[in-house]
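Following: one structure in structure tokens, then a few remarks.
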Number of protein chains: 2
Amino acid sequence: MRVLLVGAGGVGTAITRIAARRPFFEHMTVADYDLGRAESAVAALGERGDRFSAVRLDASDRAAVLETLGRHRCDVLLNATDPRFVLPLFESALAHGAHYLDMAMSLSRPHPSRPYEECGVKLGDAQFEQAADWEAAGRLALVGMGVEPGLSDVFARYASDELFDEIEEIGIRDGANLTVDGYDFAPSFSIWTTIEECLNPPVVYEQERGWYTTAPFSEPEVFDFPDGIGPVECVNVEHEEVLLVPRWLKARKVTFKYGLGDEFIGVLRTLHLLGLDRTEPVSVRSDLGQAAVSPRDVVAACLPDPAGLGERMHGKTCAGTWVKGVKDGRPREVYLYHVVDNQWSMREYGSQAVVWQTAINPVAALELLAGGVWGGSGVLGPEALPPRPFLDLLTEYGSPWGMREQ
Amino acid sequence: MRVLLVGAGGVGTAITRIAARRPFFEHMTVADYDLGRAESAVAALGERGDRFSAVRLDASDRAAVLETLGRHRCDVLLNATDPRFVLPLFESALAHGAHYLDMAMSLSRPHPSRPYEECGVKLGDAQFEQAADWEAAGRLALVGMGVEPGLSDVFARYASDELFDEIEEIGIRDGANLTVDGYDFAPSFSIWTTIEECLNPPVVYEQERGWYTTAPFSEPEVFDFPDGIGPVECVNVEHEEVLLVPRWLKARKVTFKYGLGDEFIGVLRTLHLLGLDRTEPVSVRSDLGQAAVSPRDVVAACLPDPAGLGERMHGKTCAGTWVKGVKDGRPREVYLYHVVDNQWSMREYGSQAVVWQTAINPVAALELLAGGVWGGSGVLGPEALPPRPFLDLLTEYGSPWGMREQ
């Protein structure tokens, strides 16, 4: 297997560190718009870097992506860029005849007149529209294969296969107790992306009603996270699992709730109220004269870069899938979860917990594809494939999952 | 009397409209950094504008201020700029031999090590240091002569002279029920200045302790405002009255609380948490390349210009002074107040309520000075002068004050 990894940011860099310890692939080409970032990621691997090379690549330039896939004879493209680049990478992979993996799906667009009631263009719609082409070509696009979506979908399939006869609700629940020394407010993940996903209308699935949307931050609930994280206020957020799970699994309801906590929700609401979440530029004085800047970029510029906060960060992050239903005629409720302690991921991999937890999953998926344990063609979510080998591999990687019967 | 009005923004423009109806002065020169603003203010007076002329003036350029005072033979300088320009205008007026009025005093600087306990440089300190020079020259600097400070100080003096034998607390309380059509969030006053005054450490005066500071937004209380405005949450804010009142009047405690309301306090806290209140530039992408912009300027650029909101605004604004003490051996508590209805100020003067309410007070003060009813030399606050003629003049202007015995 020869992999083209596109994106050497926080997650891409952690992918190289995890993959470097596994023998399953022959070569990984690390590509980034900023060649220096790609080179740094490879250089940091030291002696373990002999199967890696770094190249410059603009992910929006289809011709350049095709050329790079060809030159490096890659049979898989792993997309670790932000979701604006999903379509050019997804389509270039098929054009080349490579398999494709990503960790976030093509972007949604709100319903033009009823944004908080009905779906407009849904996450991943633009990818699923091309599913027949992938099937016809005998190639696999494994979409949403990070931690959430990704591992959370594998948990849903595992619950459906082995733990339940009937499922009432599959609810992805994500929470953390991370703190950052020296900052009153320092998000552990890109504020640009967090604004995007949290201010879009959240999507919910119900068997009778299909997919529908609600207002941002709807249906708050306090979820008690394991491993000492404890209770965190969670709210509905637009996320891929709600679009993926019902395509393969039977459940009366599918939700995603993100443990933003009161303070973060308040911050996002205020940014929206003041129009500081906008990407359309405003005109403002600058050292270069009256300049047009995107308010959302200014918000990001005022906050520390989350990828660089690992050393100052403390605590754990938890991703997981809560399932409620019936087994052997009796009600059952479980939470399947994966926790990463920042102290551990920094010591073992030099990567902060949130990006490391995202990165391990596509590496494990590549390993299963390389060994023929996972396979197929078309556009598939992680829940379309057998879950047990994946969960066992996580444990083999030294990062076991857990289950709480509740 | 020949007046040099410096600043033709919202308040300066409203000053010209109010003054144009009063015969007490011979000429008013309207000066602004932007000549077009000064000319618009004069042009809008129509037939009533024959005693006005417009000039360009940089308020920070002392030589230019002196030259303008001389050329137009002005005997009073009325400062309607923002507080960054207090010192050059104040000092140029004395150098020329003119009297001086302003509506905000020279800026404070927090205590370097104990900002939320002790005062550093206080509001107005730089002006009071020069009081002896004004006395020696026989010229008057009447400082803080807007609505708050200004009318609020006149109310304090009136209460002290006529309503109380002993005063326990003089508490300025400012609140409104203004809303703006078509905006979820649209401050009725400059957000730049609101951030400045609300995020500085608030100052409090106590007879035994003197002046001291607290953390921002301290000691919240719900104050019930008259004329249908109703209860609004008020918090301590740094304001001139706390520095002025104890210099002339006897009270055990002097406070200023601003009816920001929950939502506005939350917004200001969030802006501070994210560093978006900062004036020091951050580096961000722009149409001109990587540019340095002040986050606080970007916040202002995202919000509508408050001076232009009058037509879409509804509701009333209230400024007033609550006094608690003893009269004839019995406890007494009164609230002396002045309410402006935006609908009225827009219809009568084409000015929105908040700027109009500020503007009427320096015009009334000039009229009393012109007629010799008010006078003196040195640096004086409004509470140093007899209150009754001022309060009667407000009523004569068609904007009466009120008193609630509570």
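The values are calculated or read from the model by the stated rules, or taken from the named source; none is laboratory data. On a predicted model such as this, the values are computed, not experimentally measured, just so you know. Cβ sites come from the backbone with ideal geometry, for glycine too, and all protein chains shown count toward neighbours.
Of the residues that make up segment A:214-228, is at least one over 30 Å from residue B:304 (Cα atoms) and crowded, with 19+ Cβ neighbours inside 10 Å?
Keep residues of segment A:214-228 that are over 30 Å from residue B:304 (Cα atoms), which gives A:219-228.
When the remaining residues are screened for being crowded, with 19+ Cβ neighbours inside 10 Å, the result is A:223, A:225.
Scanning segment A:214-228 turns up at least one residue that is over 30 Å from residue B:304 (Cα atoms) and crowded, with 19+ Cβ neighbours inside 10 Å.
Counting just the residues of segment A:72-108 that are out of contact with any strand residue (DSSP E or B) (no Cβ under 9 Å at 6 or more places or on another chain) and in contact (Cβ under 8 Å) with a residue 60 or more places away in the chain, which one comes out nearest to residue A:378 (Cα to Cα)?
Checked segment A:72-108; the qualifying residue nearest to residue A:378 (Cα to Cα) is A:105.
Give the residue that is surrounded by the most Cβ atoms within 10 Å (Cβ to Cβ), with candidates limited to residues of segment A:101-140 that are under 29 Å from residue A:360 (Cβ atoms) and among the aromatic types (Phe, Trp, Tyr).
A:134
Restricting to segment B:284-298, give me the number of residues that are at pLDDT below 95, over 18 Å from residue A:280 (Cβ atoms) and at the interface with chain A (Cβ under 7 Å from one of its Cβ atoms).
Residues meeting the conditions: 1.
Which residues, taken from segment A:91-121, are of a type in the set (A, V, I, L, M, F, W, C) and under 21 Å from residue A:192 (Cβ atoms)?
Listed by number, the residues that qualify are A:103, A:104, A:105, A:107, A:121.
Return the residues of segment A:14-71 that are of a type in the set (Ser, Thr, Tyr), in contact with a strand residue (DSSP E or B) (Cβ under 8 Å, 6 or more places away or on another chain) and at pLDDT 95 or above; say none if nothing qualifies.
A:16, A:29, A:53, A:68
Give me a count of the residues in segment B:129-141 that are out of contact with any helix residue (DSSP H, G or I) (no Cβ under 8 Å at 6 or more places or on another chain) and either under 12 Å from residue B:97 (Cβ atoms) or assigned to a helix (DSSP H, G or I) (or both). Talk me through it step by step, then tell me what you get.
Taking segment B:129-141 as the starting set, the residues that turn out to be out of contact with any helix residue (DSSP H, G or I) (no Cβ under 8 Å at 6 or more places or on another chain) are B:129, B:131-132, B:135-136, B:138.
Pick out the ones that are also either under 12 Å from residue B:97 (Cβ atoms) or assigned to a helix (DSSP H, G or I) (or both) and you get B:131-132, B:135-136, B:138.
Count: 5.
May I ask you to list pairs of residues, at least six apart or on different chains, whose Cβ atoms are under 7 Å apart, with the first in segment B:326-350 being touching a residue at least 60 places away in the same chain (Cβ under 8 Å) and the second being of a type in the set (S, T, N, Q) and exposed (fewer than 15 other Cβ atoms within 10 Å of the Cβ)?
Pairs found: B:333/B:406; B:334/B:406; B:335/B:406.
Does segment B:391-402 hold any residues that are out of contact with any His (no Cβ under 9 Å at 6 or more places or on another chain) and more than 14 Å from residue B:160 (Cβ to Cβ), and which are they?
If the condition is that a residue be out of contact with any His (no Cβ under 9 Å at 6 or more places or on another chain) and more than 14 Å from residue B:160 (Cβ to Cβ), then B:392, B:393, B:395, B:396, B:397, B:398 are the ones that fit.
Scanning segment B:260-283 for residues that are at the interface with chain A (Cβ under 8 Å from one of its Cβ atoms) and touching a Cys at 6+ places or on another chain (Cβ under 8 Å), which turns out farthest from residue B:354 (Cα to Cα)?
B:282
For segment A:299-321, what are the residues that are of a type outside the set (A, V, I, L, M, F, W, C) and either without any contact (Cβ under 8 Å) to a residue 24 or more places away in the chain or at the interface with another protein chain (Cβ under 9 Å from one of its Cβ atoms) (or both)?
A:305, A:308
So, in segment B:1-15, how many residues would count as being in a helix (DSSP H, G or I) and among the charged types (D, E, K, R)?
Counting residues in segment B:1-15 that are in a helix (DSSP H, G or I) and among the charged types (D, E, K, R) gives 0.
Name the residue that is modelled with the lowest pLDDT, counting only residues in segment A:299-311 that are out of contact with any strand residue (DSSP E or B) (no Cβ under 6 Å at 6 or more places or on another chain) and assigned to a loop (DSSP other than H, G, I, E, B).
A:305
Looking at segment B:339-386 only, could you name the residues that are among the hydroxyl-bearing types (Ser, Thr, Tyr) and more than 24 Å from residue B:123 (Cα to Cα)?
Result: B:345, B:349, B:351.
Among the residues of segment A:318-348, count how many are over 19 Å from the mean Cα position of the chain (by Cα) and of a type in the set (Ser, Thr, Tyr).
Number satisfying all stated conditions: 1.
Considering only residues that are among the polar types (S, T, N, Q) and either under 30 Å from residue B:326 (Cα atoms) or under 20 Å from the mean Cα position of the chain (by Cα) (or both), which ones fall in segment B:250-272?
B:255
Modelled with pLDDT of 95 or more, among the hydroxyl-bearing types (Ser, Thr, Tyr) and touching a Phe, Trp or Tyr at 6+ places or on another chain (Cβ under 7 Å): does that describe residue B:321?
Against the criterion (modelled with pLDDT of 95 or more, among the hydroxyl-bearing types (Ser, Thr, Tyr) and touching a Phe, Trp or Tyr at 6+ places or on another chain (Cβ under 7 Å)), residue B:321 qualifies.
Conditions first: (1) in contact (Cβ under 8 Å) with a residue 40 or more places away in the chain; (2) more than 20 Å from residue A:403 (Cα to Cα). Residue A:184 passes all but one, so which condition is the exception?
Every listed condition holds for residue A:184 apart from (1).
Within segment A:99-120, can you find the residues that are touching an Asp or Glu at 6+ places or on another chain (Cβ under 6 Å) and farther than 27 Å from residue A:134 by Cβ? Give the steps one after another, and end with the answer.
Pass one, segment A:99-120, residues touching an Asp or Glu at 6+ places or on another chain (Cβ under 6 Å): A:105, A:111.
Within segment A:99-120, A:111 is the sole residue that qualifies.
Which of the residues that make up segment B:393-402 are outside any loop (DSSP other than H, G, I, E, B) and surrounded by fewer than 16 Cβ atoms within 10 Å (Cβ to Cβ)?
B:395, B:396, B:402
Give the residue that is farthest from the other protein chains (Cβ to nearest Cβ), with candidates limited to residues of segment A:250-259 that are buried (at least 17 other Cβ atoms within 10 Å of the Cβ) and of a type outside the set (A, V, I, L, M, F, W, C).
Looking at the filtered set, the residue picked out is A:253.
Would segment A:271-280 turn up any residue that is at pLDDT below 90, under 30 Å from residue A:311 (Cα atoms) and among the aliphatic types (A, V, I, L, M)?
Checked segment A:271-280: no residue is at pLDDT below 90, under 30 Å from residue A:311 (Cα atoms) and among the aliphatic types (A, V, I, L, M).
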